[in-house]
Each structure stands twice: as structure tokens, then as C-alpha cells.
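Everything on this sheet refers to the single structure shown next.
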Amino acid sequence: MKNKLKIISGKYKSRIIQILDKKNLKPTKSYIREVLFNIIDIHNCETSLDLFAGSGILSMEALSRGVKKSIVVESDKELAKSINGNLKLLDIRDAVVINKKVEVFLKDLKPELFDMIFIDPPYDTSLLEYTLDYLKEHKFLSNNKYLYFERSKNDKTIYLKYIASTHNIVKDLSIGDVSYTIAINKNI
């Protein structure tokens, strides 16, 4: 069975994408995408990196709004295939879908700077902590650009303090069982 998501703004506004009905798939809600992209100065963003992409909706929304290139990383083969199918349906050619575990992808990634990095790992794992730590050690985010991550509201790790030395928190909100954070990296 497939579910549907709607792109909310930009070139592909109101276009529908099909998403697989998978137990751990939790696409970012349209309200949160609206908040995220209202904060991001999209006109100064050319590239995005979508880690633990799931449905790929964050990359598709970014590309719809004018991002020129997106790398989409998803370890689940069916989800990666679904993302590719939606990109073809929308005739988006500026995205590359990588079917790999994020940990492996990051180690293989040659130094490259992105203007936006989206991180939405499975909840109740150490993957968010690992990814933030890796990104902190290796510079993949351009100066004064955007980091977005989702986590379980019940996750007791103090992520905001964890990234405070390298990022300014722009927005941190919780809705239901999920917390959403948007940060800008400091020019260090």
C-alpha cells in the first residue's frame, strides 16, 4: 500500500509523490517543512545533503524551491527505489540517490560543502549522535548554512548543548513525540 505526500511550494508545488507504507518511515510533516523553509534563506542555498532520507520529501521540497543539487542517502533499498521513482515522475535530474548506510556514505564522501544538511535517523538509536559527531569533526556544511535534524522527544541526549559550540540554534520545537531543530553553523 502506498501513501501520498504533497510538495508545498516552488516549481513542483502541489505535486503529489507516492511513499511506501513502511513501519519506521516518518516523513516530515508539511507544517514542519513550511517552518523549515521559511527560516532557510533558500536563495543562498545551492546544495543539500539528505541523510536517512526516508521518503526524500525534504530534498524534493528543497529542489522545488530552487536548490540546484541534492544528494539523497537512504539505506533501505525499497525506499531508495521509491525516491528515484518519485524524482523521475517529477522529472527532477538534479538529485542523486545513494543506497548506502549513512555511516558508510560519510566515510566515503570526499570533502564537499553543502548549504543544507537534513538528518532524520531512526529514533531510539545512536545514529543521530554519531552523525552530528561526524559532521562536527569533518566540515561538510558551508559557513553560516543550515543543519536540520529530527529526533524522538523522549531522547534524553542533550543535542542542543552538544552542537552549541559549532552552531546557533534558530528553532527548536516539539510536536507530539517528535522534536525538530534548525541550526546555522558558526563561521569557525
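The values are calculated or read from the model by the stated rules, or taken from the named source; none is laboratory data. Fair warning: this is a prediction, and the values are worked out from it, not measured in the lab. No Cβ is skipped: glycine too gets one built from the backbone with ideal geometry, and neighbour counts run over all protein chains shown.
Points worth noting:
- Consider the range 19-56 and keep the residues that are within 18 Å of D177 (Cβ to Cβ) and among the hydrophobic types (A, V, I, L, M, F, W, C). The one that is surrounded by the most Cβ atoms within 10 Å (Cβ to Cβ) is F52.
- Residue in the range 126-136 that is free of Cβ contacts under 8 Å to residues at least 60 places away in the same chain and either loosely packed, with under 13 Cβ neighbours inside 10 Å or part of a strand (DSSP E or B) (or both) present: yes
- Only listed residue being in contact with a strand residue (DSSP E or B) (Cβ under 9 Å, 6 or more places away or on another chain), within 22 Å of L173 (Cα to Cα), modelled with pLDDT of 90 or more and not polar (S, T, N, Q), chosen from L36, L20: L36
- Index of the failed condition, I119 passing every other in (1) surrounded by 13 or more Cβ atoms within 10 Å (Cβ to Cβ); (2) more than 15 Å from L49 (Cα to Cα): (2)
- Flag for E103 being assigned to a helix (DSSP H, G or I), among the charged types (D, E, K, R) and farther than 24 Å from N185 by Cβ: no
- Residue list for the range 138-172, restricted to those being among the charged types (D, E, K, R) and either surrounded by 19 or more Cβ atoms within 10 Å (Cβ to Cβ) or within 15 Å of F114 (Cα to Cα) (or both): K139, K145, E150, R151
- For the range 30-80, a tally of residues being under 21 Å from F140 (Cβ atoms), part of a helix (DSSP H, G or I) and either of a type in the set (S, T, Y) or free of Cβ contacts under 8 Å to residues at least 12 places away in the same chain (or both) returns 1.
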